[in-house]
Amino acid sequence: GAGVSQTPSNKVTEKGKYVELRCDPISGHTALYWYRQSLGQGPEFLIYFQGTGAADDSGLPNDRFFAVRPEGSVSTLKIQRTERGDSAVYLCASSLQGAGVNSPLHFGNGTRLTVT
Amino acid sequence: AQSVTQLGSHVSVSEGALVLLRCNYSSSVPPYLFWYVQYPNQGLQLLLKYTSAATLVKGINGFEAEFKKSETSFHLTKPSAHMSDAAEYFCAVSPISGNTGKLIFGQGTTLQVKP
């Protein structure tokens with residue numbers, strides 16, 4: 001079946017521009033996560049949605065980062081006034097139900113963001 | 001606070017040799033522990049997880065890991081490496097209660113398998 005889909009796969013933008021990254025989770029998965037993976041590092045948690053609401057946004061680095069999931073399925077991560085330090089691979093993951101260890105995370109292939 | 005340390009950013013083994021990837025964790029309470037694998041141009045895939053049931057955990061593709069509380073370790077092993085095992089491996093920890101999808105990852109270990 002279809003996995004987690006992230007678009008675009010690559011995004012190059014200029015410093016100061018606004019970008020949107022999209023995540024289509026597996027159908028029926030209520031939990032959705034965004035992670036950021038910088039070069040040579042492991043993924044870092046950004047935000048977690050349960051349904052439409054952001055249940056935990058403690059990983060968002062600053063107020064330039066925002067994410068929405070208005071209908072409880074597709075999610076968009078939005079970055080305003082991009083900086084070169086935002087360059088990373090942004091990963092999305094979904095799971096069938098709430099944040100339980102028996103409901104494993106399914107990761108997308110990520111969006112590679114490059115800010116020039 | 002929880003943290004994960006993976007010892008060795010690059011590990012190289014010969015095909016057929018033992019694979020050992022090291023992971024140590026820090027946690028004030030017993031955590032859940034995971035190993036994920038990332039093949040080139042693919043998303044992270046769960047290899048195995050420790051959830052306090054059995055200390056020796058078997059995963060996919062012949063991998064296993066042993067939880068050792070006294071050593072705060074969760075090392076990943078495979079008796080005989082295949083070329084197809086070449087990938088990046090991440091150890092991760094999550095809280096035993098609350099948001100267990102909020103994983104804290106190590107920096108990763110790249111496994112190279114030589115013919």
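The values are calculated or read from the model by the stated rules, or taken from the named source; none is laboratory data. Computed from a predicted structure; not experimentally measured. Backbone-built Cβ (ideal geometry, glycine too); neighbour counts: all protein chains shown.
Of these, A:G72, A:G16, A:G40, which one is touching a Ser or Thr at 6+ places or on another chain (Cβ under 9 Å), outside any strand (DSSP E or B) and within 11 Å of chain B (Cβ to nearest Cβ)? Give the steps one after another, and end with the answer.
Values: A:G72 fails: within 11 Å of chain B (Cβ to nearest Cβ); A:G16 fails: within 11 Å of chain B (Cβ to nearest Cβ).
Every option except A:G40 fails the conditions.
Would you check which residues across the range A:71-92 are surrounded by fewer than 19 Cβ atoms within 10 Å (Cβ to Cβ) and touching a residue at least 60 places away in the same chain (Cβ under 8 Å) and list them?
Answer for the range A:71-92, where residues must be surrounded by fewer than 19 Cβ atoms within 10 Å (Cβ to Cβ) and touching a residue at least 60 places away in the same chain (Cβ under 8 Å): A:K78, A:Q80, A:R81, A:E83, A:R84.
Condition check ((1) more than 22 Å from A:S103 (Cα to Cα); (2) aliphatic (A, V, I, L, M); (3) surrounded by fewer than 18 Cβ atoms within 10 Å (Cβ to Cβ); (4) touching a helix residue (DSSP H, G or I) at 6+ places or on another chain (Cβ under 9 Å)) across all residues:
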residue	(1), (2), (3), (4)
A:E14	yes, no, yes, no
A:L21	yes, yes, no, no
A:P25	no, no, no, no
A:G28	no, no, yes, no
A:W34	no, no, no, no
A:S38	yes, no, yes, yes
A:P43	no, no, no, no
A:Y48	no, no, no, no
A:G51	no, no, yes, no
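Any residue that is within 11 Å of chain A (Cβ to nearest Cβ) and either over 10 Å from the mean Cα position of the chain (by Cα) or touching a residue at least 40 places away in the same chain (Cβ under 8 Å) (or both) - is there at least one of those in the range B:81-89?
Yes, the range B:81-89 has at least one match.
B:Y50 passes all but one of (1) among the hydroxyl-bearing types (S, T, Y); (2) surrounded by fewer than 18 Cβ atoms within 10 Å (Cβ to Cβ); (3) without any contact (Cβ under 8 Å) to a residue 60 or more places away in the chain; which number fails?
Just one mismatch for B:Y50, condition (2).
Go through B:T77, B:T100, B:T110 for me and flag whichever is among the polar types (S, T, N, Q), part of a strand (DSSP E or B) and within 14 Å of chain A (Cβ to nearest Cβ).
Exactly one residue qualifies, and that residue is B:T110.
Count, please, the residues in the range A:93-116 that happen to be within 9 Å of chain B (Cβ to nearest Cβ) and either in a strand (DSSP E or B) or free of Cβ contacts under 8 Å to residues at least 40 places away in the same chain (or both).
Selection size over the range A:93-116: 8.
Rundown of residues vs (1) over 21 Å from B:A81 (Cβ atoms); (2) within 14 Å of another protein chain (Cβ to nearest Cβ); (3) touching a helix residue (DSSP H, G or I) at 6+ places or on another chain (Cβ under 7 Å), yes/no style:
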position	(1), (2), (3)
B:P31	yes, yes, no
B:W35	no, yes, no
B:Q38	no, yes, no
B:V57	no, yes, no
B:A65	no, no, no
B:K68	yes, no, no
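Condition test on A:V101, is it at pLDDT below 95, of a type in the set (V, I, T) and within 18 Å of B:I104 (Cα to Cα)?
Yes, satisfied.
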